[in-house]
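Student: Please read through the structure below; I'll follow up with questions.
The values are calculated or read from the model by the stated rules, or taken from the named source; none is laboratory data. None of the values given here were measured: they were computed from a predicted structure. When we count neighbours, we look across all protein chains shown, and the Cβ atoms used for this are built from the backbone with ideal geometry, even at glycine.
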Amino acid sequence: MITPGKRWQPPEPRPGVIENMPEPTITGLAVMRKRLVELPADQPLPPQLRRALNDLITWAIWRIDRPLTRDQIRYQRWYVVCTFIRQYIAQHGKERGAQRYAYHAAARELTGPYAGAWSTMKEDFLFEQRAPSNDPRSMRYRENLERRAREADKKRARQRYGR
């Protein structure tokens, strides 16, 4: 349920749902590799690292030879920008400038089909932030806005053509 005054955001990926899983980034893989290298060879893997490796392998198996959709690209960009926003706020203790920093950092971080300029990151982030939810109240609100816009267009057309 969405409380009044809060923006809807796409859901965080649920465990085991691969399609909504954010793709690994170079930085994330480097951190995981560092943790793996620092661990003594005779010691068993910690549960958190084992889970992360399992998720990575599961994602890689699912992802091989599968074309990306525009929604998946947009979701990945949104996820990375959100991660950088949280990181900026944790480091600096303020929200001012967090989005701008995150757009530029995401543009540097993402490669392949996700790569793009900071303005592209901003467009996709804002698109996902403004995306309507499945909440019936927001659906009714959006449908009401669309109906009112259609009526206003009809009224303008009637006035223009003098009918």
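Student: Within segment 88-104, can one find any residue that is assigned to a helix (DSSP H, G or I) and closer than 15 Å to Pro22 by Cα? Talk me through it step by step, then tell me what you get.
Tutor: Of segment 88-104, the ones assigned to a helix (DSSP H, G or I) are 88-92, 98-104.
Adding the requirement that they be closer than 15 Å to Pro22 by Cα leaves none.
No, segment 88-104 has no match at all.
Student: Filter segment 70-124 down to residues that are acidic (Asp, Glu) and buried (at least 18 other Cβ atoms within 10 Å of the Cβ) and give me whichever is farthest from the chain's Cα centre (by Cα).
Tutor: Taking segment 70-124 as the starting set, the residues that turn out to be acidic (Asp, Glu) are 71, 95, 109, 123-124.
Checking the rest, the ones that are also buried (at least 18 other Cβ atoms within 10 Å of the Cβ) come to 109, 124.
On the way: Glu109: 14, Asp124: 8 Å.
Checked segment 70-124; the qualifying residue farthest from the chain's Cα centre (by Cα) is Glu109.
Student: Since Arg50 meets every condition but one in (1) modelled with pLDDT under 90; (2) part of a helix (DSSP H, G or I); (3) under 16 Å from Glu23 (Cβ atoms), which condition does it not meet?
Tutor: (3)
Student: Additional query: Scanning segment 25-69 for residues that are of a type in the set (S, T, N, Q) and free of Cβ contacts under 8 Å to residues at least 60 places away in the same chain, which turns out surrounded by the fewest Cβ atoms within 10 Å (Cβ to Cβ)? First the steps, then the outcome.
Tutor: Filtering segment 25-69 for residues of a type in the set (S, T, N, Q) gives 25, 27, 43, 48, 54, 58, 69.
From what is left, the residues that are free of Cβ contacts under 8 Å to residues at least 60 places away in the same chain are 43, 48, 54, 58, 69.
Numbers: Gln43: 7, Gln48: 9, Asn54: 11, Thr58: 13, Thr69: 10.
Only one residue fits best here, namely Gln43.
Student: Just a yes or no: is a residue in segment 53-68 within 14 Å of Asp124 (Cβ to Cβ) and not in a loop (DSSP other than H, G, I, E, B)? Walk me through it before giving the result.
Tutor: Here is the first cut: in segment 53-68, the ones within 14 Å of Asp124 (Cβ to Cβ) are 68.
Add one more test, that the residue is not in a loop (DSSP other than H, G, I, E, B), and what stays is none.
No; the residues of segment 53-68 include none that is within 14 Å of Asp124 (Cβ to Cβ) and not in a loop (DSSP other than H, G, I, E, B).
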